[in-house]
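Following: one structure in structure tokens, then a few remarks.
The values are calculated or read from the model by the stated rules, or taken from the named source; none is laboratory data. Bear in mind the structure is a predicted one, so any value in this text is a computation, not a measurement. Cβ placement follows ideal geometry from the backbone for every residue including glycine, while neighbour counts extend to all protein chains displayed. Quick note on the areas: whole protein, heavy atoms, side chains included, nothing else; ligands and nucleic acids left out. Shrake-Rupley method; radii C 1.70, N 1.55, O 1.52, S 1.80 Å.
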Amino acid sequence: MNHSNTDTNVTIAPNEMHVWGEMTSLTIQLGEIENPNIVNEYMFQFTSPKTGNPTSLALPSTIKWYNDYTVPVVNGKIYQASIINNIIVMGSVTLP
């Protein structure tokens with residue numbers, strides 16, 4: 001599911017990939033689990049601007065970071081995240 005850069009406060013559904021381009025801020029809420037008998041994964045991707053302030057990312061307080069390490073969002077990177085059972089794994093690559 002592609003989002004515009006005006007979609008800054010979004011509830012994402014499980015088992016869909018949600019993609020944003022360059023974002024200055026992004027607030028994500030998790031939608032209701034659709035089927036409790038399967039793994040429900042919340043996935044998203046966004047780009048932090050090359051210049052100016054990096055993306056301000058806000059997630060629900062129930063989310064726990066893998067290995068208790070909160071990934072810092074910095075300029076000039078594309079981030080992808082996966083949330084399963086309220087545990088987030090997030091990584092990045094540098095923009096070309």
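Residue pairs whose Cβ atoms lie under 8 Å apart, separated by 6 or more positions or on different chains, with the first residue in region 78-91 and within 22 Å of Pro49 (Cα to Cα) and the second modelled with pLDDT under 95 and open to solvent by 20 Å² or more (accessible area, probe 1.4 Å), are Ile78/Leu95. Filtered by the rule that a residue be farther than 22 Å from Lys64 by Cβ, open to solvent by 60 Å² or more (accessible area, probe 1.4 Å) and touching an Asp or Glu at 6+ places or on another chain (Cβ under 9 Å), region 5-34 gives a lone residue, Asn5. When you look at Ile38, is it at pLDDT 95 or above and β-branched (Val, Ile, Thr), yes or no? No.
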